[in-house]
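What follows is a set of notes on a single structure, which appears directly below.
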Amino acid sequence: MVTQGVSLLTYYFDLALRSCRRSKALTALVVLLMGCGVATCMVTFAVFRATAADPIPWKSNQLFVPQIDSFGPAHNYKGEPPGMLSYTDAVALSHARQARRQVLIYASKWTVLPGDAQHLPSSQEGDAVSHDFFAMFDAPFRYGGGWSAGDDDQRAAVVVISSTLNQQLFGGADSVGREINLDTHAYRIVGVLDDWNPSPRYFDVASAWYPFSHPRQLYLPFSRAIDLQKAAAGNFYCSTNTVDPDLPNWDSVLRSNCAWIAAWVELPTRADVARYRDWLHNYAAEQQRLGRFAWPPNVRLSDVGQWLQLMNVVPKASALSMIVSLSFLLICLVNVVGLMLARFMRRAPEIGVRRALGASRGSIYLQFLTEAAAIGLAGGVLGLLLTALGMAGIGHVFAPEIARLAMLNASLLLLTVALAVATTLIAALYPTWRAAQVQPAWQLKSNG
Amino acid sequence: MQIRPILAALRRHKMATLLIVLQIALTLAVVSNALFIVKTRVVHLSRPSGTDEAHLFVINNQWIGQSDTPHIDAQMRTDLATLRSLPGVRDAFASQAYPLEEGGGGLVRIKHRVERTTKAQLGLSYFADEHAIDTFGTALVAGRNFRADEIGSLGPYDKVVPVVIIITRDLANKLFPDGAAVGQRVYLNDASPSTIIGVVDRLQGSYAGSSTRSIDEDTVLVPARYASTGDGAAFAGGVVYLVRTQPGQLEAVLRSAPAALVAQNRMRLISPENGVVTLAQARTKAYATDRGVAIMMGAVCVLLLLATAGGIVGLSSFWVSQRRRSIGVRRALGATRGDILRYFQTENALIVGIGVVLGVALGIAANLSLMTHYELPRMPLWVLGVGALLLWLLGQLAVFGPARRAAAVPPVEATRSV
């Protein structure tokens with residue numbers, strides 16, 4: 001049975017080849033359409049996949065961003081609380097310790113002064129973070145580790161540097177325990193990170209923006225940066241519709257309701273999440289009772305996926321091109337249905353003869369679907385070539401930091417061929433059904 | 001004339017007809033929206049900045065270990081004197097941002113009166129001095145330039161309260177639609193009043209993105225040197241020196257200017273990667289996405305039209321081959337070649353016509369949904385008209401080949417059995 005099935009399939013495949021040879025132009029057109037449609041989809045999908053990826057899949061439903069409305073209904077954006085916290089709320093949240101871990105983050109820029117005269121000073125982007133940061137986001141260390149809660153309390157002059165900066169400054173050697181000079185102050189290196197750059201870089205996207213570029217080179221204690229009056233090298237806003245209030249000195253910045261600190265909490269279970277939501281609500285209610293907020297609690301708690309969506313991380317160009325290329329594939333498919341119909345119906349006499357000689361409807365189905373699959377496969381192979389070509393030209397369409405992310409890997413190759421075969425088969429369903437309806441007697445009687 | 005027999009024939013090929021109609025409709029919907037996106041992007045990226053871009057560059061300068069305003073201000077004066085005296089430099093000034101930077105500039109709210117209830121006009125500001133207009137390369141169209149004694153010195157915690165300002169013509173027209181702006185007083189950010197002393201022709205703000213598109217040419221020049229120490233509420237990133245060179249001197253000055261600054265004082269940081277940026281480079285970078293989207297949409301449009309044309313050729317050829325006998329009969333009964341040719345052309349025009357009607361509805365629906373999700377403006381109907389005309393022409397062109405083959409069918413075909 002099996003060998004018979006295989007030989008039948010080979011026979012159908014042979015028939016398909018013969019028919020392709022007979023109507024070269026039509027076959028070429030279908031293959032070309034499928035190739036173009038699939039390749040366009042795959043190239044845009046590669047970009048979309050990279051930008052819409054879950055940066056921490058094993059933990060993304062346990063990490064949450066708390067939002068507390070410190071602007072009030074008159075100054076927030078369409079009723080939504082700001083994406084970051086004020087210093088007051090951030091510190092309160094951090095001290096409350098209601099979550100398994102809590103982290104405060106703000107983006108900052110530091111000048112690295114070399115010890116010798118040969119090297120030039122350089123400006124490095126970093127994040128001021130509290131000590132739970134490394135454990136919460138599973139940052140891998142090459143040497144050393146993070147700092148302790150005690151270091152946070154003592155505002156210690158410690159720093160964790162990226163592998164890139166370690167390479168630049170120390171040639172990649174274990175630099176734990178050595179000192180570097182940042183903004184004319186000495187810092188002790190306690191850890192060197194492994195190559196680590198989550199994409200999108202979700203944890204500081206609210207503060208630093210640039211989810212796909214500007215990798216962080218250093219991490220310092222949040223409390224130390226605040227002590228040094230280190231300004232946020234990122235988003236800082238006090239209202240979405242009025243001018244920032246007077247902030248004549250650092251203390252007034254800290255006391256203000258301006259939003260500039262990104263906060264994260266780790267909540268392992270659903271019960272934790274529910275409990276935290278309540279706590280957040282109660283905190284805002286307490287602030288209202290104290291007279292700090294003149295509005296009822298307006299709080300949010302979003303996990304990583306929701307947060308990235310809220311921050312509009314996926315570039316508009318990427319989403320838009322995905323829509324356009326899907327429409328393109330759809331139109332190609334409609335086209336292919338028509339062409340397949342023409343192809344199959346042109347062979348109505350042949351079908352009539354085969355049916356008259358005893359071929360069942362089922363075998364007609366099998367024959368024509370085999371033919372469609374073969375054409376789909378050819379379209380897929382062409383699609384592969386065009387996808388590879390498209391990936392090479394991707395830099396002309398997307399910004400370099402986005403284009404860099406899109407990769408042509410095995411899964412994409414497989415998906416290209418699978419999509420081509422599957423869509424061609426779907427497109428061939430109706431034409432095949434029509435072919436199977438051909439009456440043997442009628443075709444023999446009339447001229448065909 | 002031939003509509004009835006065409007309709008009768010089409011009724012026998014319902015599915016194939018429906019497929020072409022559907023394809024025409026989808027193509028029109030996608031192509032018109034894509035062309036419209038291309039048009040908005042091209043308009044966006046071809047806007048002039050109002051500056052002498054070919055001879056303008058900026059130096060992003062960060063201070064190291066300097067934290068008091070008077071000290072930095074003095075350094076900025078020295079730097080500006082150094083830059084202006086360099087051979088090949090036409091003029092230079094210090095600001096916090098530059099055109100096409102995609103950020104950096106200050107957002108200001110401008111009001112006629114100080115009352116809370118008055119609606120404010122938004123604008124984008126540059127810190128400037130008496131050399132700014134000449135450095136930008138824009139022209140004063142009314143009033144006068146700043147005087148050297150009007151340039152203030154600002155620290156990170158200071159509020160911007162200029163006594164005099166210069167604004168662009170675009171902003172002047174918005175603020176004072178029926179009169180001269182020069183001499184008028186306005187309130188910046190609810191502070192004390194500022195007098196408009198001059199109006200410049202055209203000058204783009206520092207944001208090139210889509211969110212500030214409506215105010216990109218509403219620029220305010222604030223007479224001040226801003227000494228950013230890296231403290232304060234938000235980090236302003238040191239100082240930006242804008243330098244305009246003499247014709248043909250750009251390349252030389254790009255190298256000599258940062259070197260001269262470092263030679264004057266080493267305690268500064270001019271990044272080797274992005275410390276020195278020409279306006280031409282800034283333009284390429286700022287509009288990279290716009291250009292990319294336009295290329296992508298344009299390519300998809302071309303492919304789509306080709307695919308549709310291919311589909312029409314394919315299906316028409318099929319129909320012609322199926323109807324060879326009836327064509328032969330018609331020819332035998334006295335129809336001319338022209339009649340047969342016209343038959344297929346009319347049939348195609350009819351099908352495309354139905355597709356276009358459906359496509360216009362689909363196109364408008366697609367535009368409406370894009371408007372809500374991607375901040376696209378409303379598509380004017382003429383875009384759909386152009387798309388429809390394009391498809392109709394394409395259809396006629398695509399069907400011409402098969403139709404000519406149909407017309408070539410000899411009358412004797414009527415008597416053949418296969």
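The values are calculated or read from the model by the stated rules, or taken from the named source; none is laboratory data. Keep in mind it's a predicted model, so treat the numbers as computed, not measured. In this analysis, Cβ positions are derived from the backbone assuming ideal geometry, glycine residues included, and neighbour counts consider all displayed protein chains.
See the values below:
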| quantity | calculated |
| --- | --- |
| In region B:190-227, the residues that are charged (D, E, K, R) and at pLDDT 90 or above | B:Asp201, B:Arg202, B:Asp218, B:Arg225 |
| Those residues of region A:230-249 which are out of contact with any Cys (no Cβ under 9 Å at 6 or more places or on another chain), within 21 Å of B:Val161 (Cβ to Cβ) and buried (at least 16 other Cβ atoms within 10 Å of the Cβ), in sequence order | A:Val243 |
| Region B:169-189: number of residues that are in contact with a helix residue (DSSP H, G or I) (Cβ under 9 Å, 6 or more places away or on another chain) and either aliphatic (A, V, I, L, M) or at pLDDT below 90 (or both) | 5 |
| Check on A:Ala107, touching a Gly at 6+ places or on another chain (Cβ under 9 Å), within 14 Å of chain B (Cβ to nearest Cβ) and under 28 Å from A:Ile261 (Cβ atoms) | yes |
| Residue that is more than 30 Å from B:Arg268 (Cβ to Cβ) and hydrophobic (A, V, I, L, M, F, W, C), where the choices are B:Ala81, B:Ala34 | B:Ala34 |
| Failed item in (1) within 14 Å of another protein chain (Cβ to nearest Cβ); (2) small (Gly, Ala, Ser); (3) surrounded by fewer than 18 Cβ atoms within 10 Å (Cβ to Cβ), with A:Gly35 passing the rest | (3) |
| Members of region B:375-418 found to be without any contact (Cβ under 8 Å) to a residue 12 or more places away in the chain and either within 14 Å of chain A (Cβ to nearest Cβ) or in contact with a strand residue (DSSP E or B) (Cβ under 6 Å, 6 or more places away or on another chain) (or both), listed by number | B:Ser417, B:Val418 |
| Residue count for region B:238-267, restricted to those that are of a type in the set (D, E, K, R) and surrounded by 15 or more Cβ atoms within 10 Å (Cβ to Cβ) | 1 |
| Looking only at region B:287-296, and only at residues there that are modelled with pLDDT under 85 and either more than 10 Å from chain A (Cβ to nearest Cβ) or more than 11 Å from the chain's Cα centre (by Cα) (or both), the one that is farthest from A:Leu326 (Cα to Cα) | B:Gly292 |
| Yes/no for A:Leu254 being modelled with pLDDT under 95 and part of a loop (DSSP other than H, G, I, E, B) | no |
| Where A:Pro57 falls short, out of the listed (1) at pLDDT below 90; (2) not assigned by TED's automatic domain parsing to the domain that holds A:Ala208 | (1) |
| Residue in region A:338-345 that is basic (Lys, Arg), surrounded by fewer than 20 Cβ atoms within 10 Å (Cβ to Cβ) and within 14 Å of chain B (Cβ to nearest Cβ) present | no |
| Given (1) within 14 Å of chain A (Cβ to nearest Cβ); (2) part of a helix (DSSP H, G or I), index of the condition B:Asn60 fails | (2) |
| Members of region A:219-229 that are touching a strand residue (DSSP E or B) at 6+ places or on another chain (Cβ under 6 Å) and either buried (at least 23 other Cβ atoms within 10 Å of the Cβ) or on the phi > 0 side of the Ramachandran plot (or both) | A:Tyr219, A:Leu220, A:Phe222 |
| Enumeration of residues in region A:385-402 that are of a type in the set (A, V, I, L, M, F, W, C) and within 8 Å of another protein chain (Cβ to nearest Cβ) | A:Val397, A:Phe398, A:Ala399 |
| First in region B:324-348 and in the same structural domain as B:Ala9 (by TED's automatic domain parsing) and more than 15 Å from B:Pro410 (Cβ to Cβ), second anywhere and surrounded by 22 or more Cβ atoms within 10 Å (Cβ to Cβ) and polar (S, T, N, Q), Cβ under 9 Å, 6 or more apart | B:Phe344/B:Ser316; B:Glu347/B:Ser316; B:Asn348/B:Ser316 |
| For A:Asn197: the one exception among (1) in contact with a strand residue (DSSP E or B) (Cβ under 8 Å, 6 or more places away or on another chain); (2) surrounded by 14 or more Cβ atoms within 10 Å (Cβ to Cβ) | (1) |
| Complete set of residues in region B:363-388 that are surrounded by fewer than 17 Cβ atoms within 10 Å (Cβ to Cβ) and outside any helix (DSSP H, G or I) | B:Glu375, B:Pro377, B:Arg378, B:Pro380 |
| Meets criteria (more than 28 Å from B:Val262 (Cα to Cα) and surrounded by 17 or more Cβ atoms within 10 Å (Cβ to Cβ)) for A:Gln102 | yes |
| Region A:234-262, subset more than 8 Å from chain B (Cβ to nearest Cβ) and among the aliphatic types (A, V, I, L, M), residue nearest to the chain's Cα centre (by Cα) | A:Ala262 |
| Criterion (surrounded by 19 or more Cβ atoms within 10 Å (Cβ to Cβ) and within 14 Å of another protein chain (Cβ to nearest Cβ)) met by exactly one of A:Val265, A:Val314 | A:Val314 |
| Candidate set: region B:303-343, residues that are more than 8 Å from chain A (Cβ to nearest Cβ), of a type in the set (S, T, N, Q) and in a helix (DSSP H, G or I); chosen: the one farthest from the chain's Cα centre (by Cα) | B:Ser326 |
| Residue match in region B:89-108 (condition: within 23 Å of A:Lys316 (Cβ to Cβ), touching a residue at least 12 places away in the same chain (Cβ under 8 Å) and in a strand (DSSP E or B)) | yes |
| Count of residues meeting criterion [in contact (Cβ under 8 Å) with a residue 60 or more places away in the chain and part of a helix (DSSP H, G or I)] in region A:263-286 | 8 |
| All helices (runs of 4 or more DSSP H) inside region A:353-448 with 3 or more residues being within 19 Å of A:Met340 (Cα to Cα) and more than 34 Å from the chain's Cα centre (by Cα) | A:361-392, A:410-436 |
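Residue by residue, here is whether (1) modelled with pLDDT of 85 or more; (2) part of a helix (DSSP H, G or I); (3) within 27 Å of A:His281 (Cβ to Cβ); (4) small (Gly, Ala, Ser) holds:
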| site | (1), (2), (3), (4) |
| --- | --- |
| A:Pro296 | yes, no, yes, no |
| A:Gln306 | yes, yes, yes, no |
| A:Ser318 | no, yes, no, yes |
| A:Met322 | yes, yes, no, no |
| A:Phe328 | yes, yes, no, no |
| A:Asn335 | yes, yes, no, no |
| A:Pro349 | no, yes, no, no |
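Conditions tested, residue by residue: (1) over 14 Å from A:Ala206 (Cα atoms); (2) in contact (Cβ under 8 Å) with a residue 24 or more places away in the chain; (3) out of contact with any Leu (no Cβ under 7 Å at 6 or more places or on another chain).
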site	(1), (2), (3)
A:Asp69	yes, yes, yes
A:Pro81	no, yes, yes
A:Val91	yes, no, yes
A:His95	yes, no, yes
A:Ala99	yes, yes, no
A:Val103	no, yes, yes
A:Tyr106	no, yes, yes
A:Trp110	yes, yes, no
